[in-house]
Amino acid sequence: MKRLLLASAATALLAGAAGAEDVKLGLHLGFTGPLESMAPNIAAGAEAAAKEVSDSGKLMDGSTVTTSRSDTTCTDAAASVAAAERQIADGVKVLVGGQCSGETIATLERVAIPNGVMMISPSATSPALSTIEDQGLFFRAAPSDARQGEVMAELAKAQGIESVAITYTNNDYGKGLADSFQAAFEAAGGTVTTSAAHDDGKADYSAEVAALAAAGGDALAVVGYVDQGGSGVTQGALDTGAFEKFIFPDGMIGEALVSRFGTGIEGSIGINPAAEGDGRAKFEELAAAAGFDPSSPYSAEAYDAAALILLSMQAAKSSDPAAAKDKVMEVANAPGEQILPGELAKGLELLAAGTDIDYVGASSVELVEPGESAGSFRETTIKDGKLEVVGFH
């Protein structure tokens, strides 16, 4: 680890004095594991921003950007740490990632902080990341689950749901969001009949479903992963008729959900971070041209994470994370000229001229201390076997 630290410091020192360079941007995401169906579109969002900046020729005296992918697995902290160490050994200074909260915490504490590497996660949402001692190196383009739990509770109560059972994946993400939702729902006068963990990777969830059914409730909140136990519990609940209505937060939302369950989950509530407005529309156009799905959860946040990293380097006039990290909040927030997707060259030009920018991006970026999104959420419902947008909160 010490060798990595020295190499990173030496590389950063040379970069600051060398003019044009090749900036290596690591995409540290869960390409295998419980959210593997989401990872390709998340990566594509970040790669689109990197290509846009690189092709512009306007980054730090004509510097280019090269991206590389590493697999966090989303659940294996040791594998995530080892993959991040390989990225750094290959010259990566900044990471878009991680994707899931537990492996993000492990990578931040065991790799990024010791080596002075900056991370901006598009999708790690655990409230624990709000208070971690990150030495100013960690940011996230997604809001904390402390806020998502509140929105889930508001939507449930608005639909007349008075009692819920909660099943959550047994990790930092699952426990944090389940606790947040329970506290908000109970504060609003609702009843939580049970809140029970489930493990991913099981072939049979009949015991978990039986316990949830015994507790009962107007709906089942599935705080899990769509490619793992969350879908397993949902399938079991449908097979037994234990629940007819579900509440699905961000780890469950995507085409994989409706392709698995279709009309079986008709009328259920879905929620994930997303924004509306000009930035979103521009991002959808950009994604269509690049050939990836802009509606996939966290693809917009990944575009914004990569853009913020590169714009911050431009503002700092250095690819050294020690300098760039101090510019992230400046480029993300007002005052300044607003920058939307597809306008990164304009943002780079303004920063080079010493002009302030306010990066709005694809997800209506507004960062609050300690460097995380203030939060905007998209409410969806399942109608005729498809995800339908209801509104934004």
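The values are calculated or read from the model by the stated rules, or taken from the named source; none is laboratory data. Predicted, not measured: the structure shown is a model, and the values here were computed from it. Cβ: placed from backbone, ideal geometry, glycine included. Neighbour counts: every protein chain shown. Ligands, DNA and RNA are stripped out before the accessible areas are found, and what is left, the full protein with its side chains, is counted by its heavy atoms. Shrake-Rupley method; radii C 1.70, N 1.55, O 1.52, S 1.80 Å.
Of the solvent-accessible surface of the chain, computed with a 1.4 Å probe over protein heavy atoms with every protein chain present, carbon and sulfur atoms account for 50 percent. For a straight C-alpha distance cut-off of 12 angstrom, the aspartates and glutamates reachable from Lys386 (same-chain residues fewer than eight places away being disregarded) are Glu255, Glu266.
Listed values for the range 354-359 are Karplus-derived 3J(HN,Hα) couplings in whole Hz (6.51 cos²θ - 1.76 cosθ + 1.60, θ = phi - 60°), namely x, 9, 5, 10, 10, 6, and x replaces Gly and Pro. With a simple spin-label model that places each label point 7 Å from the Cα along the Cα-to-Cβ direction, the separation between Glu109 and Ala214 comes to 3.5 nm. Cβ-Cβ distance of Asp356 and Thr32, R₀ of 51 Å, FRET efficiency by 1/(1 + (r/R0)^6): the value works out to about 0.80. Is any residue of the range 165-205 close enough, with backbone N under 12 Å, to a label point placed 7 angstrom from the Cα of Glu244 along the Cα-Cβ axis, and if so, which? Output list for this probe position: empty. Between Asp61 and Ala289, the distance separating the two model label sites (each 7 Å from Cα on the Cα→Cβ line) works out to 3.0 nm.
Looking at the chain, the DSSP beta bridges with both ends there are about 25 percent antiparallel.
Calculated [222 nm] ellipticity per residue, helices only, for the chain: -12500 deg cm²/dmol; basis is -39500 (n - 2.57) per DSSP H run with n ≥ 4, divided by all residues, nearest 500. Taking a straight Cα-Cα cut-off under 21 Å and skipping sequence neighbours fewer than 8 places away in the same chain, the lysines within cross-link reach of Lys202 are Lys175. With the charge dipole of the chain set up from +1 on Lys and Arg Cβ and -1 on Asp and Glu Cβ about the Cα centre, the Cα lying farthest toward the positive end among the listed residues Phe31, Val111, Ala256 is that of Val111.
Put simply, the amide H of Asp358, placed in the peptide plane, has neighbours under 5 Å in Glu337, Gln338, Ile339, leaving out anything fewer than 5 places away on its chain. Would you please classify the overall shape of the range 170-232 from the alpha carbon gyration tensor, given that a ≥ b ≥ c denote the square roots of the eigenvalues, rounded means a/c under 1.5, and beyond that prolate means a/b larger than b/c while oblate covers the rest? Taking the square roots of the gyration eigenvalues as a ≥ b ≥ c, the range 170-232 is oblate. Name the lysines eligible as straight-distance cross-link partners of Lys282: C-alpha to C-alpha under 20 Å, and not fewer than 8 places from it in the same chain. In chain and number order, the partners are Lys51, Lys346. Can you check what the net charge comes to around Gly264, using other residues whose Cβ is under 10 Å from the Cβ of Gly264 (Lys, Arg +1; Asp, Glu -1)? Counting the neighbours of Gly264, the net charge comes to -2. Residues whose amide H lies under 5 Å from that of Leu25, counting only those 5 or more places away or on a different chain, are Thr66, Thr67, Ser68; hydrogens are built 1.01 Å from N in the peptide plane. Normalised by the number of residues in the range 268-346, the mean separation of alpha-carbon contacts (under 8 Å, six or more apart) gives a relative contact order of 29 percent. Working from Cα pairs under 8 Å separated by at least six residues, relative contact order for the chain is 19 percent. Judged by the mean number of other Cβ atoms found within 10 Å, the most tightly packed of the peptides 320-326, 94-100, 277-283 leads the ranking 94-100, 320-326, 277-283.
First measure r as the distance between the Cβ atoms of Ser68 and Glu162, then evaluate 1/(1 + (r/R0)^6) with R0 = 51 Å and state the FRET efficiency to the nearest 0.05. Write out the running numbers ahead of the final one.
Details: r = 50 Å, r/R0 = 0.97.
Efficiency computed from Cβ-Cβ geometry: 0.55.
Taking every protein chain into account, the accessible area of the chain amounts to 36 square angstrom per residue (probe 1.4 Å). Applying 0.36 nm per residue to the separation of Gln235 and Ser259 and subtracting their alpha-carbon distance, the gain on full extension is 7.4 nm. Taking 0.36 nm per residue of separation and subtracting the current Cα-Cα distance, fully stretching the chain between Asp204 and Ala89 would add 37.3 nm.
Nearest 20 debye, what's the magnitude of the dipole of the range 260-357 about its Cα centre given +1 on Lys and Arg Cβ and -1 on Asp and Glu Cβ?
On the way: 7 positive and 15 negative charges, 46 e Å.
In total the dipole reaches around 220 debye.
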